[in-house]
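The values are calculated or read from the model by the stated rules, or taken from the named source; none is laboratory data. No experiment lies behind these values; they were computed from the predicted model shown. As a convention, Cβ positions derive from the backbone with ideal geometry for all residues, glycine included, and neighbour counts pool all protein chains shown. Quick note on the areas: whole protein, heavy atoms, side chains included, nothing else; ligands and nucleic acids left out. Shrake-Rupley method; radii C 1.70, N 1.55, O 1.52, S 1.80 Å.
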Amino acid sequence: MSSVDAARRWRQVLSELRADLPGEWSLRGSGLDTVLAREPLGWSLAWIGWSGSPTRPVGWVTAGVQPLVAPFTSWIMTYGVRMDEVRSGPPTVDLSADEAVDQARRFVLDAGLEKIDKWPAERLADVAERDYAQDPRRRRTHWHQLPGWRVVNGTASPVEPATELAELCRDRAAGSSGTGARQLAEQAAFYEGLVRAWHDGERDAALGFLTAQRDQALAARKLDAALTP
């Protein structure tokens, strides 16, 4: 199966799966990066996608939530699950097989939606605050969203955590090279830009900055518009 055929088949799988999902979902993206996205997107993206090599028809269906208040340099699985992580159900999907839709459906309805529903925006914001309150040595990555959620929810200034994150990213970039260094520099620039926007016009300006960054990131991945089923 060519990569073009695999992408076409994946979109067909998503189109058939869409009818079985509660609420409103749309197809967004392109090729094997096409996802089902729960509408409306807001400040987090609940998604169902594909993970695997474009040259092989066998891969994994994934489901999760992508926060859109922080740099979107890559898909994260912090708030997601891949089908081979579920004890029951098929560990992979063969897009060339007739049962591909049924296998994808089983994973999404049995495990994927449950994972997505565990991470509404309110919980993401709350976990980010609690993570930031930890000793810095015990923090995970939840707090990387904190500046954005503070702006979106109007709860507090983003300056302190955003400044810390910018410094952290700059320090890590200095010890990295290639793509990793570039992505860390982009993340640092994101947080520095948010701090400048806050100083320029507080919440209104910072919210405008976040909106522009979110829209730009979605457009770069062709996720900014729903596709015709």
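To the nearest 10 square angstrom, what accessible area does Ser177 show with a 1.4 Å probe?
Looks like 90 Å² after rounding.
From the protein chains alone at 1.4 Å, what is the descending order of accessible area for Met83, Met1, largest first?
Working: Met83 0, Met1 95 Å².
Of Met83, Met1, the descending order of accessible area is Met1, Met83.
How big is the Rg/Rh ratio for segment 58-117, C-alpha atoms only, Rh by Kirkwood, two decimals?
Ratio value, two decimals: 1.03.
So how much accessible area does Ile116 have, in Å² to the nearest 10, using a 1.4 Å probe?
Estimated to the nearest 10 Å², Ile116 gives 0 Å².
At what distance in nm do the modelled label points of Arg182 and Trp75 sit from each other, each positioned 7 Å from its Cα along Cα→Cβ?
For the pair Arg182/Trp75, the computed spacing is 2.1 nm.
Report Arg203's accessible area, 1.4 Å probe, all protein chains in place, as a number in Å² to the nearest 10.
90 Å²
Does segment 112-229 classify as rounded, prolate or oblate by the C-alpha gyration tensor (a ≥ b ≥ c root eigenvalues; a/c under 1.5 gives rounded; else a/b over b/c gives prolate, otherwise oblate)?
Taking the square roots of the gyration eigenvalues as a ≥ b ≥ c, segment 112-229 is rounded.
Let me check something: with ligands and nucleic acids excluded, how do Glu160, Glu16 order by accessible area (1.4 Å probe), largest to smallest?
Per-residue accessible area, sorted high to low, gives Glu160, Glu16.
For segment 21-180, which whole percent of the accessible surface, found with a 1.4 angstrom probe, sits on carbon and sulfur atoms?
Numbers: 3480 of 7550 Å².
Answer for segment 21-180: carbon and sulfur cover 46 percent of the accessible area.
How many nm is it between the label spots at Arg8 and Glu160, if each spot is 7 Å from the Cα in line with the beta carbon?
Label-label distance for Arg8 and Glu160, simple model: 5.7 nm.
Could you give the accessible area per residue of segment 81-186, probe 1.4 Å, as a whole number in Å²?
It amounts to 55 Å² per residue over segment 81-186.
For segment 100-149, what is the largest minus smallest coordinate of the Cα atoms on each principal axis, given in angstrom and ordered from greatest to least?
Dimensions of segment 100-149 along the principal axes of its Cα atoms: 45, 21, 14 Å.
Please list, short to long, the whole-number percent of alpha-carbon pairs of segment 1-112 in consecutive 10 angstrom bins beginning at zero.
Once binned at 10 Å, the Cα pair distances of segment 1-112 give 15, 50, 32, 4.
Among Gly208, Tyr79, Trp50, whose Cα sits farthest toward the positive end of the charge dipole of the chain (+1 at Cβ of Lys/Arg, -1 at Cβ of Asp/Glu, about the Cα centre)?
With unit charges placed on the Cβ atoms, the residue in question is Trp50.
State, as an integer percentage, the relative contact order of segment 1-122 based on alpha-carbon contacts under 8 Å between residues 6 or more apart.
Here the relative contact order equals 23 percent.
If DNA, RNA and ligands are ignored and the probe is 1.4 Å, what is the ranking of Arg28, Arg38, Arg106 by accessible area, most exposed first?
Arg106, Arg38, Arg28
Quick one: plug the Kirkwood hydrodynamic radius of the chain (C-alpha pairs) into Stokes-Einstein at 25 °C, 0.890 mPa s, and report D in µm²/s.
The Stokes-Einstein estimate is 131 µm²/s.
What's the magnitude of the charge dipole for segment 1-150 around its Cα centre, counting Lys and Arg as +1 and Asp and Glu as -1 at the beta-carbon? Answer in Debye, nearest 20. Provide the component values of the computation, followed by the final result.
Working: 20 positive and 20 negative charges, 107 e Å.
Using Cβ point charges on Lys, Arg, Asp and Glu, segment 1-150 gives about 520 debye.
Where in segment 145-179 does the label zone of Arg137 land, with the point 7 angstrom along Cα→C-beta and an amide N cut-off under 18 Å?
Counting only backbone N, you get no residues.
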